[in-house]
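Accompanying notes for the structure given below.
The values are calculated or read from the model by the stated rules, or taken from the named source; none is laboratory data. Just so we're clear, the structure is a prediction, and the values are computed from it rather than from any experiment. FYI the Cβ positions are ideal-geometry reconstructions off the backbone, even for glycines, and counts take in every protein chain you see. Side chains included, ligands, DNA and RNA excluded: accessible areas come from the protein's heavy atoms. Shrake-Rupley method; radii C 1.70, N 1.55, O 1.52, S 1.80 Å.
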Amino acid sequence: MENTNNIIILLVVIPLVGSAICSIGKIFSKLSICKASIIVVMLCNLALLVSTYSLVSEGAEVSFTVGGWETIVGIAFGFDMLSWVILALVTLICFASIFFAFCENIYSPMFYFTFLILLAGMNGILLTQDIFNLFVFFEILAITSYILIAYLQKSHSVLASFKYLILGSASMMLYLLGVFIIYQSTGSLSFSAIEQMRTNGSILHLQFAIASIFTGIGLRSAFIPFHTWLPEAHAYAPHPVSAILSGVMIKVSFVSLWRILDRAGMAEFNSLFILIGVITSFLGAFWAFCENDSKKILAYSSVSQIGYILTAFGFGTILSSSASLYHIVNHAIFKCLLFLCIGCVVWSSGERNVRKLGGLGKDYPVLTLLYLTGVFSIAGIPPFNGYVSKKLILDSASGMPFACLTLWATGIITFAAYIKLSSIFFKPYRYTADKYLNRRIIPKSTYIPLIFLSILCVGTGIFPEFWYRLFRS
C-alpha cells in the first residue's frame, strides 16, 4: 500500500528555510533570531511527523516526487515506519543537543545556520528514494559536519575535520563507482534498480556495486576498518556536535546502508557483517578502556556499539533485525546523554583527562545521577533501555557461540571502561583549592535536555513493547 503526500518534502525544506533565517541573524548579529527559528523548525518537524504517523502505522509507504515527474527521472522522496522512527529520533536528539548549545551560549549565528543544513541533510538521506540523491544528501551532511567539527578552530579540531574530509571524499568516490555500475546495468538510479539487477541475474555486477557502496557508506557508519576518523572528530568537536555525530549522524548513515543491502538481498555477505561487527564491538570497547581522554572514551565506545548493531544485522533474522534497529534508537539516546554530561564536566573544569578529574559527584549530584542513567543504559543494566536491545541481540546470537562470547566479553570491557570514566565523579579530588575555585558553574537550564534524555532511557527500557512492535511491523 502506497500513499502520495507532498507534506514529506517539508521535512527537508523547513530546515533549509530556517537556515536562511539564521543567515539573516548573522547579518544583524541577533542570536535570538537564530534560536527562535531553530525552535520553530524543530516543532514543525515534530508536527509533520505526528501528522503522518497514522499513515505509516497502517503499513503504508508515503511517497512524493518533486514536480510530479515519473520516479525514473524525478526526485523521489518516501518513507515508511522505519524512516518515521529514525526521523523522529533525529529530531529529538537534535532538539536536545541544540538546547544544550543554547545553554552554553558561545555559538554564533553561523553555527546554527550550519546545524540546520546538517539537519536537512540527515532528513534527506532518510527520505530519498534513489541512490544518486542519496549521494547529494551525504555530501550536504559531510560538508556541514566538516564545518561543525572544526568550529572551535583549535588545532586538534581542524585536523580532525580535515582527516574526515579526506577520508570522506575517498569513500564517496567508491560510492559513486557503485552508483555507476547500477545505472549502467539498469538505466535507473532508484532503489528499485538494485532489486532489478538481482532479478535480471546480474549478480556479479551487483556484488561489485554493493561492495563499493558498502565501503563508501561504511566510512560514515564508522565500523572497523573505516572508523579512524571518528575518535578525533567526536572528541574535538563542540559538545552538542559530538552528541549529534555519535547519537544520530552515524546511525542515519547505517540506516541508509541497511536499506540498500536489504534491497540487494545479499545474504552471502552476512558472515562478513558478523565478523566485522564482532571485531568492531570488541576492539572499540578495548580502545575505550585504554583511553584517558573522557570524550575519546565515549567516541571509541560509539565504534563498539556500531559493532553490536552490525553484528545483529548480519544474523539476518527478524529477531536480530528488530534488535539491531532497537539498539540504534537506544544508543542514540544514551550516547547523546553521555556526551552532554561529559560536556558539562569539561565546561565546568576545563579538563578532559580522567586522571586529572575527581570529586564531581559531591559538587554536582544531579549531573552525577543523570550521567549514571546513561552508564547503566550502555552497560545493559535493567530496567534501562540498553538492557532490552542488548538482550535481544544476544538472544539472536545464541546459535553462534563465537559471536555470543565476543559480545559478552565486549559488554564486560565496556562496563570496565565506564567504571574508569565514572571515577571523575567518585574518586577524591586531588588538586589545589585554586583550581577548585576556578570551576565554572554549570547553568541550571543545561539539565533540561539531560533530564529529557534520561527519561527516554528509562521509558524505552521499561516500556520496550511500543518500539519493538514498530520495528517488527
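Here is how the numbers come out for the structure above:
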| item | result |
| --- | --- |
| log10 of Debye I(q)/I(0), alpha-carbon scatterers only, for region 115-220 at 0.15, 0.16 Å⁻¹ | -0.66, -0.72 |
| Approximate shape of region 380-432 as ellipsoid semi-axes (Cα gyration tensor, √5λ), whole Å, largest first | 31, 13, 5 |
| For region 99-154: span of alpha carbons on each principal axis (Å, largest first) | 39, 23, 14 |
| 258, 287, ranked by accessible area, largest first (probe 1.4 Å) | 287, 258 |
| Overall Cα dimensions of the chain, principal axis frame, Å, largest first | 73, 60, 41 |
| Modelled FRET efficiency - R0 35 Å, residue 458 with residue 351, Cβ distances, 0.05 increments | 0.75 |
| Under the Karplus curve 6.51 cos²θ - 1.76 cosθ + 1.60, θ = phi - 60°, whole-Hz ³J(HN,Hα) for region 342-351, x wherever Gly or Pro sits | 5, x, 4, 5, 5, 4, 6, 9, x, 10 |
| Listed peptides 11-22, 209-220 by packing density, highest first (mean Cβ within 10 Å) | 209-220, 11-22 |
| Residue-normalised accessible area of the chain, given per residue in Å² at a 1.4 Å probe | 38 |
| For the chain, calculated [θ]222 nm from helices alone, where every DSSP H run of n ≥ 4 adds -39500 (n - 2.57) | -25000 deg cm²/dmol |
| Peptides ranked, highest mean first, by Cβ atoms within 10 Å: ranges 115-128, 79-92 | 115-128, 79-92 |
| Solvent-accessible area, 1.4 Å probe, carbon plus sulfur percent, for the chain | 69 |
| Order by protection proxy (mean Cβ within 10 Å, highest first), peptides 93-105, 33-45 | 93-105, 33-45 |
| Nonlocal amide H pairs with residue 61, under 5 Å, H built at 1.01 Å | 2, 3 |
| Extension reserve of the residue 395-residue 290 stretch, reckoned as 0.36 nm per residue once the Cα distance is removed | 34.9 nm |
| Fully extended contour minus Cα-Cα distance, from residue 363 to residue 409, at 0.36 nm per residue | 13.2 nm |
| Vicinal HN-Hα couplings computed from phi for region 371-382 (Karplus, 6.51 cos²θ - 1.76 cosθ + 1.60; Hz; Gly/Pro x) | 4, 5, 4, x, 5, 4, 5, 6, 6, x, 9, x |
| Nearest-0.05 FRET efficiency for residue 20 and residue 58, computed from C-beta distance (R0 30 Å) | 0.25 |
| Equivalent ellipsoid dimensions for region 220-344 as semi-axes, Å, which come from the Cα gyration tensor, largest first | 25, 15, 12 |
| Shape category assigned to region 39-143 from the gyration tensor of Cα positions, a/c cut at 1.5 | oblate |
